[in-house]
Amino acid sequence: MACGEQGFFILYIMPNISFIFAQIFGGMATLVLCLSYVVKSKKVFLLFGLFGDIAYGMSFLFVGSWSAGAVALLSCLQFFFVYHYDKKNRKMPKSIALVFIALFMVSGILTWNNAWDIIPVASYIWYTFVLYLDDVKSIRVMYLLPNALLVVYDIMVMAYASAFEDGIEALFLTSMIVADVAKMIISKKKKLAIKKAIFAKKSRGTIFCSLQSAYSRIRKVNNHYMSQIAKNQWNNFHIPSFCKFSKVSYY
């Protein structure tokens, strides 16, 4: 290959190939990470997160964003450790979490390009704490802010294709959170309506029973009272005056 052809290949073909691979990996990462937000099991979520971060890290490496690529690939290893301990129904030891936090910081310092590189480093440190949560719904909520910040980072480092993909992921995550909140509100309203219905039914039954009980007690007291009156009237019965013998005076 002539020098001119080599220069043309390096200047024009290689950047285009890198861009194409970056978009392929970026699309894969978006798809896998969006699927991870749908699942309910934390173990499945961790597996999706592991493969998603591999594709995500590779997409950044192909556009020359070494800091974001390095922390994303380190995050894959962290997902593996969290998944390994979660399978044993255990939490990842805090010492390992501290090691990953230190690695994120060191990789960010070694691959530092500008002040915006603090966003991916801080985001993945935040993910380290979030992965200790057990509920996938709670994890989704805690992922929202870092995902939005990563969209800002993509724009600032001019990784516009990644910004588009991360934007789709952030919007999908937001829609999932909104759906969770809507389901929770509907569920609470249904439970409240059921409780009100049960309470009203019990109240009506209690009032009815109370009225019956009160009525029976009144009847009992009334019968007793009437029997006492009848008894007293019998005991105090007087012969009418016209039936009585009157004293006769003899002169």
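All of the numbers you see were taken from the coordinates with simple rules; none came from a lab. Computed from a predicted model, the values in this text were never measured in an experiment. Backbone-built Cβ (ideal geometry, glycine too); neighbour counts: all protein chains shown.
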For a Förster distance of 35 Å, can you work out the FRET efficiency between the beta-carbons of Met158 and Trp126, rounded to the nearest 0.05? 0.90
Within a 10 angstrom radius of the beta carbon, how do Ser59, Ser107 rank from fewest other beta carbons to most? Ser107, Ser59
Just to check I understand the Karplus step: with θ = phi - 60° and J = 6.51 cos²θ - 1.76 cosθ + 1.60, what whole-Hz values come out for the stretch 122-133, glycine and proline as x? 5, 5, 6, 5, 4, 4, 4, 6, 5, 5, 7, 6
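With +1 on the Cβ of every Lys and Arg and -1 on the Cβ of every Asp and Glu, and nothing else charged, how large is the dipole of the stretch 9-186 about its Cα centre, in debye rounded to the nearest 20?
760
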Go through the stretch 57-70 residue by residue and turn each phi into a ³J(HN,Hα) via Karplus (6.51, -1.76, 1.60, θ = phi - 60°); whole Hz please, and just put x for glycine and proline. x, 5, 5, 6, 5, 5, 9, x, 8, 5, 5, 5, x, 5
Inter-centroid distance (Cα atoms) of the stretch 32-66 relative to the stretch 97-115, Å: 19
In what order do Ser75, Ser187 fall by count of nearby beta-carbon atoms within 10 Å, going from fewest to most? Ser187, Ser75
Can you put Leu31, Leu131 in order, fewest other beta carbons within 10 Å first? Leu31, Leu131
